[in-house]
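To start, the structure itself, in structure tokens.
The values are calculated or read from the model by the stated rules, or taken from the named source; none is laboratory data. Predicted model, so just to flag it, every value in this text is computed and none were measured. Cβ: placed from backbone, ideal geometry, glycine included. Neighbour counts: every protein chain shown.
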Amino acid sequence: MARIIAGLFALACGVLAAGSAAAQQRGGTLRIYLGLSPASASIHEEASIATVMPFMGVFNNLFMFNQHAERNDATDLVPELATEWRWSPDNTRLTLQLRRGVTWHDGKPFTAADVKCTWDTITGKRNAGWRKNPRQEWYGNLQEVTTNGDHEVTFLLGRPQPSFMSFLASGFSPVYPCHVDSRIMRQKPIGTGPFRVVSFNPNTGMELERNPTYWREGRPYLDAISYRAIRSRATRHLAFISGEFDMTWTGDIPASQLRDIQAQAPQAVCQMRFTNVSSQILMNREVAPFDNPNIRRAVALSMDREAFLKILGDDQYVQSGAMLPPPAGVWGVSAQDLSEAGVDGFTGTLEQRREEARRLMRAAGYGPDNPLKLKIITRDSPAYRDPAVIMIDHMKTIHIDAELQLLETSVWYTTLLRNTWTIAANQSGTAIDDPDVFFFENYLCGSQRNYSRYCNRELQSRMEQQSATTDLEARRRMVREIEVQLQREFARPILYQSAGGTCRWPHVRGINQANNSQYNHWRMEDAWLAPR
């Protein structure tokens with residue numbers, strides 16, 4: 001990659017912004033509700049938008065996706081703690097020059113040692129006391145991080161990896177301070193970002209205040225951001241309509257309810273965006289009855305995907321493989337692609353599929369007089385609970401009698417990591433629209449987030465091969481073949497790719513949402529409140 005000079009980028013941004021700068025107002029508190037309370041404040045230890053959205057503004061990345069672009073794109077990156085970077089000729093060494101004069105919220109200086117500490121912890125070379133490390137699989141190709149003084153750092157890769165820049169640009173990739181204990185990072189984290197944490201109370205909310213020593217001159221515009229957790233979706237929607245909040249939680253409004261909210265709040269500015277979150281079935285292959293591939297196939301065949309789209313998505317969701325398909329996404333395959341490839345669940349009529357599923361269940365010893373009894377777990381949130389209820393209804397058509405068990409957010413991911421559950425209704429969001437993240441997190445043998453314990457080492461070899469392929473079209477072909485194979489093997493049957501509505505009142509300015517991920521645009525340093 002060509003050398004990128006941050007000064008030139010900043011100058012260009014300044015020219016573009018000059019025309020609107022006079023309109024931007026300083027001060028005020030932005031009020032946002034949360035639909036879920038985060039398990040902790042530590043972004044690196046969590047895998048939920050409930051942590052990323054409120055706490056991304058506390059930190060900085062080395063560089064990040066353009067916060068005002070319509071789509072996250074690795075060719076459109078904004079310097080943060082790195083001011084410039086360059087690749088070696090063989091594309092295996094990424095060297096970054098770091099910003100000088102940056103301090104952590106506690107006044108200590110930011111240096112290259114903090115960058116090394118962060119990624120040494122992610123890759124498992126350093127024990128920082130993290131309870132979970134959900135992004136470790138992203139960095140299987142990262143061999144070493146070296147420093148050259150306080151202001152230069154180099155990432156050494158084992159092979160070329162086109163996706164690596166996107167990894168570092170994600171909202172899940174902030175730089176952490178070496179000197180701060182992990183317990184503090186879970187409770188009241190220290191960052192270099194535009195906002196500082198005033199308070200964090202699980203199940204209640206968090207308060208952020210403007211960082212007066214922020215390194216980017218003139219930012220942030222806001223004095224504070226207040227996040228409050230409200231469990232009931234109906235209650236929080238009414239609170240927004242009444243003016244109690246300036247903005248809703250990201251993607252919180254289902255397509256089926258967006259029209260009602262806009263009818264009651266016609267001045268609200270609402271966006272329906274794909275979130276890069278899929279609804280899926282997790283079947284634990286290491287425990288009965290899902291150690292039987294025929295039972296897994298029967299469950300997948302019983303699903304009426306069109307019903308999910310109509311009931312939950314008002315026909316604005318889409319069917320696909322693991323990744324979001326075009327035009328919103330870049331890499332995914334569509335339902336038509338999977339049908340043309342002859343993938344079970346996407347061919348024939350629904351009744352034909354369910355009749356085959358009932359045949360498989362009878363062969364396994366189940367029927368109307370002897371149904372398979374299961375307990376299906378899911379997170380206690382409407383986005384999880386609603387599809388789970390439909391799943392249970394569909395499974396009844398093939399002699400499966402399932403009971404729903406709801407789990408709090410604080411224990412949801414911990415439960416999935418254990419081997420004590422059988423089937424789950426899951427929502428899986430991936431921060432980056434790139435195959436490496438989807439494949440390495442969810443499908444590699446032994447990955448922490450490979451909850452269903454799927455393992456195909458031959459396919460894993462192809463996943464690693466596509467990761468090193470620099471020819472874009474060749475990589476697309478390989479990814480398509482892998483996607484089709486994953487759906488054929490019911491590795492993690494995908495029900496739909498979801499979209500969600502986010503609303504704000506017109507006085508909220510400077511916040512944009514990308515259409516291929518909900519996770520990467522919450523730095524909030526450009527957000528401001530216009531006079532009402």
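At-a-glance table
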| quantity | calculated |
| --- | --- |
| Residues located in segment 413-437, provided they are in contact with a helix residue (DSSP H, G or I) (Cβ under 9 Å, 6 or more places away or on another chain), in a helix (DSSP H, G or I) and not β-branched (Val, Ile, Thr) | 435, 436 |
| Residue in segment 251-258 that is more than 25 Å from the chain's Cα centre (by Cα) and either modelled with pLDDT under 95 or not aliphatic (A, V, I, L, M) (or both) present | no |
| Residue in segment 124-138 that is modelled with pLDDT of 95 or more and touching a Leu at 6+ places or on another chain (Cβ under 8 Å) present | no |
| Subset of segment 442-463 [modelled with pLDDT under 95 and outside any loop (DSSP other than H, G, I, E, B)] | 442 |
| From 393, 434, residue being of a type outside the set (Lys, Arg), without any contact (Cβ under 8 Å) to a residue 12 or more places away in the chain and out of contact with any Gly (no Cβ under 6 Å at 6 or more places or on another chain) | 393 |
| Neighbours by Cβ (under 6 Å, 6+ apart or cross-chain): first from segment 477-489, within 13 Å of residue 438 (Cβ to Cβ) and part of a helix (DSSP H, G or I); second among the charged types (D, E, K, R) and modelled with pLDDT of 95 or more | 482/462 |
| Pair list, Cβ < 6 Å and 6+ apart or interchain, from segment 297-310 residues that are within 20 Å of residue 454 (Cβ to Cβ) to residues that are of a type in the set (D, E, K, R) | 301/353; 301/356; 302/354 |
| Matching residues in segment 398-418 - criterion: being farther than 20 Å from residue 37 by Cα and crowded, with 16+ Cβ neighbours inside 10 Å | 398, 399, 400, 402 |
| Test for residue 254: is it in contact (Cβ under 8 Å) with a residue 24 or more places away in the chain, within 14 Å of residue 54 (Cα to Cα) and either touching a Phe, Trp or Tyr at 6+ places or on another chain (Cβ under 8 Å) or not polar (S, T, N, Q) (or both) | no |
| Single condition residue 446 does not satisfy, out of (1) surrounded by fewer than 17 Cβ atoms within 10 Å (Cβ to Cβ); (2) among the small types (Gly, Ala, Ser); (3) farther than 26 Å from residue 39 by Cβ | (3) |
| Cβ pairs under 6 Å, 6+ apart, first in segment 37-56 and over 17 Å from residue 383 (Cα atoms) and of a type in the set (Phe, Trp, Tyr), second in a helix (DSSP H, G or I) and at pLDDT 95 or above | 55/43 |
| Meets criteria (touching a residue at least 60 places away in the same chain (Cβ under 8 Å), surrounded by 21 or more Cβ atoms within 10 Å (Cβ to Cβ), out of contact with any strand residue (DSSP E or B) (no Cβ under 9 Å at 6 or more places or on another chain) and not in a loop (DSSP other than H, G, I, E, B)) for residue 138 | yes |
| Residue in segment 171-186 that is outside the structural domain of residue 471 (by TED's automatic domain parsing), touching a residue at least 60 places away in the same chain (Cβ under 8 Å) and in contact with a Gly (Cβ under 6 Å, 6 or more places away or on another chain) present | yes |
